[in-house]
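The values are calculated or read from the model by the stated rules, or taken from the named source; none is laboratory data. The model shown is predicted, which means the values in this text are computed figures rather than measured ones. Here the Cβ positions follow ideal geometry from the backbone for every residue, glycine too, while neighbour counts run over all protein chains shown. Ligands, DNA and RNA are stripped out before the accessible areas are found, and what is left, the full protein with its side chains, is counted by its heavy atoms. Shrake-Rupley method; radii C 1.70, N 1.55, O 1.52, S 1.80 Å.
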Amino acid sequence: MARGARARARRRRQDSAPARPVPRPHLLDAPGVFLLSLLLFVSGCSRTQPAPNLLAEDPHFAPPARVEPSGVPDAPPTPYVLLPGDVLHLRTTSVDPLDVPELTVDETGRIHVPLAGDVEVGGLDFEAAERRVEGALKAYDQFARVSLQVVRAAGHRVTVVGAVDRPGAYELRPNARVAEIVVTAGGFKTFDEGGEAYDAADLDAARVVRDGAALPISLSRAMQGDARHNVRLRAGDLVFVPHARSRRVTVLGDVRAPRLAPFRAGMRLTEALALAGGTTKDADRGDIRVIRGPLSSPRVYVADLKALVAGRGGDVELAAGDIVFVTEHWFATTTDVVNRLAPALAAIAVPVTLLNR
């Protein structure tokens, strides 16, 4: 009897207990995010370690391989030759002179000269072109002397695209160099962040493309006046300056302004935190996480800002693509931090993947 009474009392307690809430769908339920969370969890539990002060001290960090362009020998100046698209002013000195303000070199390299008809001048310098037109006019005026001048060098154009202030096609002055055309296009783009100007252009990836192939030059060295890199441009060249989209550091968590911060070589943890407005009053400054490497297999480091302020630690050097996560004081374990960070990392992973593609 006593046993039956105890069973009935247990059933009554179970019936009267409040029903457990049904779990609501959460961002982490998505398969891709769950996998990311799991990978971060494993990485956080097994690989968390103090952040190295310098990138060179990180045995897992391999900076992108850089191939320094060799440059090309400085070519001598070349004479100006007429190309399709150029607009010429033709004058003749004679008893019955001609004055034609605009003659356009057509796609076949010809100009239409009054009386003489179509005359091929494409690819010729001025002296040769003038002699060619004089020869065509001999049948009508054997004493005519021809003078040609360029009105618009529309056939001599260079295209500048990407992270410059004024991308577009520009007429090419004879023997103009790369640095000159970049300045003509307004220079490389910058953006202001907290009163400081940052480069928006990735000069390491910038290229000058000629006849479908990139020249082995560095635009950074070209802007410094190195003649092997500041080459003379030719009509049809393309100057491509990509945006530095991948040069960012992500700052999340208990900071005043979570953001994608512009990266520069030698950037330190304190600089990234300052760009994000600094930490909040609830932040655990002794437990700042630095996530480095691909999101499929990241490494999670711990940085101690309190020790740095007290003079007992160094200011961690960051790498492009690092994620800085400032924890709250009650998120003390790596598991808690990683689980909290996973949705934000998933949101970052999608646009980054699209940009890479």
When you scan the range 141-161, do you find a residue that is within 30 Å of Lys189 (Cα to Cα), among the aliphatic types (A, V, I, L, M) and surrounded by fewer than 16 Cβ atoms within 10 Å (Cβ to Cβ), even just one?
yes
Check whether at least one residue in the range 132-154 is within 38 Å of the chain's Cα centre (by Cα) and assigned to a loop (DSSP other than H, G, I, E, B), and report yes or no.
yes
From the set of residues in the range 229-259 that are under 30 Å from Thr279 (Cβ atoms) and of a type in the set (D, E, K, R), which is most open to solvent (accessible area, probe 1.4 Å)?
Arg256
Condition test on Ala274, is it at pLDDT 90 or above and among the hydrophobic types (A, V, I, L, M, F, W, C)?
yes
Residue pairs, Cβ under 6 Å, 6 or more apart or interchain, first in the range 176-191 and farther than 30 Å from Ala261 by Cα, second polar (S, T, N, Q). List them.
Arg177/Asn230; Val178/Asn230
Counting only residues that are at pLDDT below 90, among the small types (Gly, Ala, Ser) and under 18 Å from the mean Cα position of the chain (by Cα), the range 187-235 contains a total of 4
Hits in the range 297-324 (condition: crowded, with 17+ Cβ neighbours inside 10 Å and part of a helix (DSSP H, G or I)):
Leu305, Leu308
Could we say that Arg357 is surrounded by fewer than 20 Cβ atoms within 10 Å (Cβ to Cβ), under 21 Å from Leu55 (Cα atoms) and at pLDDT below 85 here?
no
If I go through the range 90-106 residue by residue, how many of them are modelled with pLDDT under 95 and not in a strand (DSSP E or B)?
5
Got at least one residue in the range 65-79 being in contact with a Phe, Trp or Tyr (Cβ under 8 Å, 6 or more places away or on another chain) and crowded, with 17+ Cβ neighbours inside 10 Å?
no
Take the residues in the range 169-228 that are small (Gly, Ala, Ser), open to solvent by less than 30 Å² (accessible area, probe 1.4 Å) and in a loop (DSSP other than H, G, I, E, B), then tell me which one is farthest from Ala272 (Cα to Cα).
Ala176
Checklist (1) surrounded by fewer than 20 Cβ atoms within 10 Å (Cβ to Cβ); (2) touching a residue at least 40 places away in the same chain (Cβ under 8 Å); (3) not β-branched (Val, Ile, Thr) applied to Pro294, failing item
(2)
Can you find a residue that is without any contact (Cβ under 8 Å) to a residue 60 or more places away in the chain, of a type in the set (A, V, I, L, M) and out of contact with any His (no Cβ under 7 Å at 6 or more places or on another chain) anywhere in the range 237-257?
yes
With the range 239-296 as the region, which strands (runs of 3 or more DSSP E) entirely inside it contain at least 3 residues that are over 18 Å from the mean Cα position of the chain (by Cα) and closer than 22 Å to Glu57 by Cα?
283-292
